[in-house]
Each structure stands twice: as structure tokens, then as C-alpha cells.
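The values are calculated or read from the model by the stated rules, or taken from the named source; none is laboratory data. Worth saying up front: this structure is predicted, and the values here are computed from it rather than measured. Cβ atoms come from the backbone with ideal geometry, glycine included; neighbour counts cover every protein chain shown. The accessibility values were calculated without ligands, DNA or RNA, using every heavy atom of the protein model including side chains. Shrake-Rupley method; radii C 1.70, N 1.55, O 1.52, S 1.80 Å.
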Amino acid sequence: MPAGRLGGRVGHVTFWVAIWTLALGGLLYLLLPTLIIVVASFTAGEYITFPPQGLSLRWFTRLMALAEVRVSAWRSLIVATAATAVAVVLGVAAAFPLVRGRFAGREALNAFLMSPLILPSLVYGLAALMFVSAIGLPLSVPVLVLSHVAIIVPYVIRTTAASLALLDPHLEEAARSLGANAWKTFLRVILPNLLPGIATGAAFAFISSFDNLTVSLFLAGPRVETLPIRLFAMINFDFDPAAAAISAVLVLITFAVVLLAHWAVGLTRVIRL
Amino acid sequence: MPTRRISRREVLVGGTAVALAAAVPGRAAAQAKELVANTYGGGWEAGHRAAIAQPLEKRGIKVTLVSMLAAELVARTKASAGGRPPVDVALVDDGPFLLAVKEGVFQQLPMDRIPNARRVYAKYRAKEPFGVPIGASQIGIAYNARTLKTRPESWADLWKPEYKGHIGLSTPASTLGTVTLLSFARLRGGHEGNVEPGFEAVKSLLPSVSSIQAVPANLRTLLERGEINIAPMWHHDTTIVKMKGTGVEFVLPKEGGIAGLAWLAITKGANTDLALEYLNQGLEPDSQKLMAGAPSYIGPVIEGIEVAPELRGIVPATPADLERLKTLDWPKINEQRAEWIARWNREIKV
Amino acid sequence: MDRPLEPRDQSLSTSGARARRAVWSRQLRLWQLVLPATLFLVVYFVVPLGMLFYFSVRAPGVSGVTLVHFRKLLTDTFFLQTLGLSVRLSLEVTAVALVLGFPLAYLYTRLGPVWRLAILFVTLLPLLTSAVVRSFAWIVILGKHGLINTVFIGTGLTDGPVKLLFTLDGVRIALAQVQLPFMLLPLINAMEQLDPSLEHAAVSLGASQARAFFKVTVPLSAPGVVAGAILSFALTISAFITPVMVGGGSFNVMPTLIYQSAIVTLDWSTASTTALILLVVALAVVWGGMTLGRRFRYGPGSA
């Protein structure tokens, strides 16, 4: 048997080498484009190049002077936060019957609820503008938020449904048989297990709304410029390196948020213990 | 405390002034004057802000500039039929302008209320009074003088072997690509009614083509990075790239350039009075001169505007420049454009 | 452990009419939870699209409903080829994202907090740059003088530059990168919910690590795979900016055809017909994927 065991060990090593190679390759692949943009944003030159022509913070300085960038970034943050909040409520609720329920047309409904992701968003942008104009609604931030909700709610539904599909129904039965009522079961047993799925969906939803150009291009009123629209103006006729600097700032903020989230989650674990 | 008393008096004086101003009818209305117009972003936005928005703001008209491309703007205006139009004043180029007129989303203009429209070169004037031109561009050849030793002189030079693998083109889904196709057609005896020679010319050029772009903005990035080194391009886009010290130069081919016009039009449902002021301001000599310089480099549409020496012959401005500039029959182009795009989709592959 | 998981047993293990009634009433309440999202989408998604899709059954000079646009497109080989390309491209991109995402997600569940944090952060990166800005990075990476060609030529792997930018391969690479997060996070969630002792048990019973991985972890993470694959497929088939910016104008996908007719030539009949056909075909693929995935739902009878 030693040969077999040796073969097993070789197989074991091969397996982990393969996993690590693919995983590190994947990480590099995810990282590289953003890295290039961030490095290029430090260029001292007049236009965006890689490698950068000298290093400077001039495009970040310019960014700080662009008041409209700050205003539009703040607006995008508000729109994305509001849209995500609504989408999470609608999406999490819808996920339960879509996974657990038994009713006619459930599969069709399940597929239907994905259609906002499948349709190129310019089609929805056009359609939503026709609709809003026809019923005489003025273009405003709430209208923009609702149109974002329509295109981001599928993320929440899908990721929550995936978590729910993996949740052991025995867990709930156990909780119920131990005397917990429906709400208590939901809050103490179901929700904590679904939280990663909901958080993932919310993150996708938030970023998609924050980054949405096409729908906003059609549904943002004249004084409701969002960050992607501003970015578009900065790149479209002339690639302003400050646009790359915006990406660098977003990367920095996200890094802070991830750290903070980690710290907060760690903290809740400590408290629960 | 004395300081407090002074400040209170200031408030009083200020308050009275505001009350007085409000009592005078014309002034009060001026506070609420607000206008929305689109620009294309980048140099266009800076040019319009300095040349049109700021002078109007001095007269009490607040201008909000939104960034939207011509085609998107026309689609958006069509979709918002029945509601408020997305802008009061639309900035659009030839193709989308005529498409929008056909869709009936623009107002017929009372030309007598745009006194400056009389200054516009006859060659540039609209056939129907639905818009005024605000700037002229010409399409020529952009090439990188650092990487390419031979300067192209004519459209026909693109077929020279030394440019093989360096050429960039645009698809007719963009105005630039449509004009490129027509300039190739004209080179070989074609015209708006017969674009066949244009397609043949593009096909024969394909072995030299490095890339074809649906978004003209990409051509600039590619030129800056040396991915392509020669391409048919608008003079103002080329000048922006040149001014960054990239070594890119603009050549007006000996056959002459082809003109593309940017139009200002007023949407139905807009604040017409204010919009007319915007149009008129855009045609003021001072405004036209501002837009002809950095960072927009847009050709003036009225006579008598001097451009900077280094821009002479590049930014079309003088009657002599116009003499060499060809204009296109856009109504005829629009009739066939969908067909050309479909044909290009099928037949032109790199 | 070799046999695939059974579909979930239709009847719950509880018996008696009272229990069944309780289950039935719970189902009724469950059913109602889908209403807010559905009603919202009907009012704010279906009705607007209905207004646009109205153009697809109307034609100038024809009174009433006509199918002329559908007939025209569905008999057009170029259109059908483009539709086929869009579907194939989206499936390929999803497959690449799955192959790269699965090992990364698997490793994530077995690493310490610092690694996890790093993976999470790197996963979010592609989503933080707008598609237009990102296309600049792809020009730098894939271009004639780009990073990949510098490495290839420098190491003598190829003699001349490989054409990647503005090719279908370049678009595959760029799309799979931005879809990877949408694949990765649902996979991580699914694997986190798995009991690691299952795989340990398989190994201690004599299965090789690879065998345990393919026979235990892979099938049990199916709900994550389905969620990630559906998101990635849907987002790829509707992607517009990346195919245009990284693909140049050398080929078309459905969203570029829609853009041309909806925006450039204002032919909303063709645009909405194209969009409707795309929607139906893509929904059929998604529906197929969901049906396939449902076979792997958590099943108490199969544990």
C-alpha cells in the first residue's frame, strides 16, 4: 500500500497546487485593471498613460477643485443607499416564496424577476422615461430611486434565494418545536443564516445603482446629476485623468469600508460571546 | 456693541434693497430665469460655459448645463413626449438634428428674434428654421508625426504601405464614421446617393486597418497610446490630443475637409424666450471667438473671427477655409443611414 | 456520496390533517410575500416596457397589430447569428468566471481572516471603476504594445504581437473579469453554509482530496453556482459598454444592435422587437438553469 499512499499524497499536492494556482490567477485577474487605473491616476503628465509620465498628485488636487464631482458623488450615494434599502426589503420578502412556496407559475415568476438584469438598461431607461412622462410625473430624485430599484432588486432576490435554498428546514422546525414563535424563529434562526446572502445582494445592488449610467442618463432631471453622468462628461470628449483619480478614491473608500465592516462584524461576535 | 449695530444696519439696508428689487417687475422675474441646455462634456462643456452660460448669467439668466450626447438627447426628448423636455436648448450634430426635426420635437424658430443669425455664413444656414449652427468642425486626417515619417497629404495616401497596421476607423453608427464613409465614397466618385464606392474603398483599406471603433472617443485614447497612428478624425478632437504633447497632428487632405455642424435648437415645451437668448448669445462674435480657442477649438460659424496663428487652417474660420470645406446632404444621408449601419455590421470585419 | 442529491421530497414528514392545514396556511402567507416585489415590477417595469414594446407590433401604414418586425428579424441570418453570438458569449464568460471563481471561493472558506479580507476587497475592485474607465486598463493590458504582448514577446513565447484588443477574445477576457465578483460572492456564501465535516468525512473514508472536492463540495454548492451563473449570464448578455469599448466596432452583440436602432436611427420598432426577442431567449436560458439547479436543493432525504 505505500505506493498507493504515496500516489494519494502526490494527488493531494497536485490538487492543492491546482486550487492555489487558479485562485491566485483569479486574484491577479481581478486586481490588474484596477491597479493600472490607480497607478495611472498618479501621472504627472497631461493625459492618461501607463506607465505614468512621472508621479504627482495633480489630478487628485484637480479633483478636489471640481465641486460638481463632490455634489454628484454625494447624490449618487444617497440614491444608491435609498434604492438598496427598498430593494432589500422587496427582494428578501420575495425570496421566501420563490424558494419555499409551492404555487402555480413559481418557476415562471422566478425567471421573470430576473428580467431587469437581462434587458440592456438603455431599453429600460427609454421605457421608464416614456412611462414617467406619460403619467405626468416630474423627474425627481424619488423617481430616479424607484427606477434604480427596478434594476437592482434581482440581485437581492437571487443571492437571498441561494442562501435560503441551502438553509436546513430542520433548523426552523427545531426552533418551532422548542416553542419559538414565527417572528422569533425568523429573527433568531433564519435571518442570521441568510445575512451573508442578503449582504451580498445588497452590495451588488448598491454598487450597480452607484455605477449606473444608462438609466440615470434617461431619468435624471437636469439638476440631478449623478457621479456616473459626471464621469461620462469627463471621459467622453476628452479622457480627463481626474476620472481615473475618482476610481482611486473609490478604491480607498471601499478598502476603509471593508476594514470597518470586518471590525464591526468582529465586534458583534465578541458581544454575542 | 458697535459691530453688532453695523451688521444690523447692513441687514436692514440689504433687506430694503431686496424688497425694492422685488418691487421692480423686471428684476423680480430675472431671479427666476432658469434655462437647461446640454453640452457634450469635455472641451465643449468648458467652451459653452465660458462663451454662453456665463454671459447669460451676468444678465440674470441661470443656465444649467447637462452633459448628453446628441443621439441620446434626441432619443430622450422623443421618449419624454407629453412630459417636460429634458432640455430647453439642445446641442445636436447634423444627423440627429434632422432626425429630431422629423420627429417633431423641435420648435420652429422666429428668426427675427435671433438678430445674430444674420451673421451666419450662408453655407452653414439651415434649410428650415428649426435651428442655428453654433460651431463647425471639419474631418481630416489625424496622424502621429513621431511614429510615422511620411505626412499624409490626401485621403488616397491612407492606402500607402507605410501606414499598414496603423490605421483606425469609425463605424457609421457615429457621425464621424458616417462622414468617413462618405469622404471615401467621394474619393472614388461616389456621393450621398451612391455610397457603394465608399464601402469598396473601406474594404480595400481593411488589410491596413488596425482597429475599427464604434465610439470615436476610443480613437483618441488609441492615438495617445500608439495603438493606432493615423485615423480620419474631427479637427477639434485632434487638436485636443495634439495640445497634450502627444505628437499627433491634424492634416487637411488636399481634397478639402468635410464639414460637420453643431446645431442649437429649442425643444417643444421649452422656455422659448430664454432659449432664444441662449441661441443669440451663442452667435455673438465674442462667444464665437471664445469657442474657437482652447479648450474647445470649434470653428466659428460667423464671419470675421480670428483664430490663433497655430490653429489657422485647422479650425475652419475664414471664407477661404469655407471655400475648401464640403458640406453633406444630411436629409439624404439620414434616409439611408440605418441601411448603411446594417450593411457595415454585416460586411466590414477586421 | 456518489449519487446526486435527490429533489426535495414534496410531502413534509409531518402527518395528520391539522399539520397539513398549518403548512397550507403558512404557504399562503409565504405566497403573499412575493407580492410587493412583483407588483412593484409590474407597475414600474412591465408597464413601461409594454409602452415600448407596443412599437414592436406597430408599423407605419398598418392599422392594428402586425408581426412584420418579428418576421423580418427572425428570418435575417445576420440577426440570428448575432443572437447566437450573444448567447454563446454569455455562456462562455459565465463558464470562465465559474472555473476561476470556484477554486478561489473554496480556498476562501479554508483561510484565515486576513486572507479572507484581502480576497473580499480584491473581489469588489472590478465593480469600483466605471466600465469606460476600465476599458482604458484593457487597452493597456491587451493592446499591441500592452502588458500581455510585452510579456509574450519578452519571454519569446511569440514573435510578434498577439491581437487581443478589439477581438472577441479580448471581450471575453474583459467581461469575465467583471463578472467574476458576481460569481464569486454567491459561491462563497454557499460554501460557507456547507458543513466542512462532510468533506473531511469523505477524505477519512478513503476518498482522495480531489474526489471529495468533486463529489461532495461541488454538488453541495450548486445553489451558489446557480445564483452566480444566472447573475453572470444575465449581466453579460445585457452588457453594452464593455463590448463596445473593448470590442471596438468589429462585431456586434444584441445590446449594440439595440443601441443602433433605439438611439442612432430612432427606429424604436426594430429596437423593441430586438429587445423582446433577446429577453425571451435569455429568460429561457435562465429558466433552464434554474430548473437544473433546483435538482440540487437542500434535501433532508439525501443527507
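Table for the structure above
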| read-out | value |
| --- | --- |
| B:Trp263 long-range amide H proximity, modeled H, under 5 Å | B:Val92, B:Asp93, B:Ile134 |
| Estimated vicinal HN-Hα couplings, Hz - the range C:127-143 in sequence order (Karplus 6.51, -1.76, 1.60; Gly, Pro = x) | 7, 8, 10, 5, 4, 6, 5, 4, 4, 4, 4, 5, 4, 5, 7, 9, x |
| Set of lysines with alpha-carbon distance to B:Lys332 below 28 Å, sequence-local pairs under 8 removed | B:Lys78, B:Lys102, B:Lys123, B:Lys127, B:Lys203, B:Lys254, B:Lys268, B:Lys349, C:Lys72 |
| Efficiency of FRET from Cβ geometry, A:Trp183 and C:Ile241, R₀ 45 Å, rounded to 0.05 | 0.50 |
| Spin-label pair A:Ala85/A:Trp263, simplified geometry with 7 Å Cα→Cβ offset, distance in nm | 2.4 |
| As computed over the range A:80-192, the Cα convex hull volume per residue (Å³) | 131 |
| Using distinct alpha-carbon pairs, which all enter the 1/r mean, Kirkwood radius of the protein assembly as shown in Å | 30.0 |
| FRET efficiency for B:Lys268 and A:Ala104, using Cβ-Cβ distance with R0 set to 56 Å, rounded to 0.05 | 0.70 |
| Given charges at Cβ of Lys, Arg, Asp, Glu: the protein assembly as shown dipole, positive-most of B:Val105, B:Asn218, A:Leu27 | A:Leu27 |
| Residue among A:Leu250, A:Leu27, A:Leu146 with the largest mean-square fluctuation in a Gaussian network model of chain A, springs linking Cα atoms under 10 Å | A:Leu27 |
| Under the span-like rule (Cα at least 18 Å along the axis, Kyte-Doolittle mean at least -1.0), DSSP H helices of chain A | A:2-40, A:67-100, A:121-134, A:141-166, A:191-210, A:241-272 |
| Long-range amide H partners of C:Thr167 with built H, under 5 Å | none |
| Chain A, dipole about Cα centre (Lys/Arg Cβ +1, Asp/Glu Cβ -1), debye to the nearest 20 | 780 |
| Local electrostatic count, B:Ala262, Cβ distance below 11 Å [Lys/Arg +1, Asp/Glu -1] | -2 |
| Most fluctuating residue given options B:Phe106, B:Phe250, B:Phe199, as computed from a GNM of chain B linking Cα atoms under 10 Å | B:Phe199 |
| Placed amide H near B:Met233: partners under 5 Å, 5+ positions off or other chain | B:Gly140, B:Ile141, B:Ala142 |
| Dipole-positive endmost among C:Leu279, C:Gln81, C:Ala212 within the range C:63-297 (Cβ charges, Cα centre) | C:Ala212 |
| Dipole magnitude (debye, nearest 20) for the protein assembly as shown, charges at Cβ of Lys, Arg, Asp, Glu | 2300 |
| Translational D in µm²/s for chain B (Stokes-Einstein at 4 °C, 1.567 mPa s, Kirkwood Rh from C-alpha pairs) | 60 |
| Selection from A:Leu146, A:Leu219, A:Phe96 lying farthest towards where the dipole of chain A points positive, charges on Cβ | A:Phe96 |
| Spatially proximal aspartates and glutamates relative to B:Lys289 (Cα-Cα < 17 Å; intrachain offsets below 8 disregarded) | B:Glu45, B:Glu303, B:Glu306, B:Glu310, B:Asp321 |
| Percent of alpha-carbon pairs separated by more than 34 Å within chain C | 40 |
| Accessible area in square angstrom per residue, the protein assembly as shown, 1.4 angstrom probe | 41 |
| Qualifying aspartates and glutamates (Cα of each under 20 Å from Cα of B:Lys164; at least 8 residues distant if same chain) | B:Glu153, B:Glu200, B:Glu224, B:Glu227, B:Glu249, C:Asp159 |
| Pairwise label distance in nanometres, C:Leu198 with B:Lys164, each label 7 Å out on the Cα-Cβ vector | 6.0 |
| Taking chain A and dividing mean pair separation by its residue count, relative contact order in percent (alpha carbons under 8 Å, at least six apart) | 27 |
| Pair A:Leu24, C:Ala118: separation of 7 Å Cα→Cβ label points (nm) | 1.0 |
| Cβ-derived FRET efficiency at R0 22 Å, B:Lys127 paired with B:Thr318, nearest 0.05 | 0.40 |
| Computed [θ] at 222 nm, deg cm²/dmol, the protein assembly as shown (DSSP H ≥ 4; -39,500 (n - 2.57); rounded to nearest 500) | -19000 deg cm²/dmol |
| Extended-chain gain in nm, criterion 0.36 nm per residue less alpha-carbon gap, B:Lys326 and B:Leu206 | 40.7 nm |
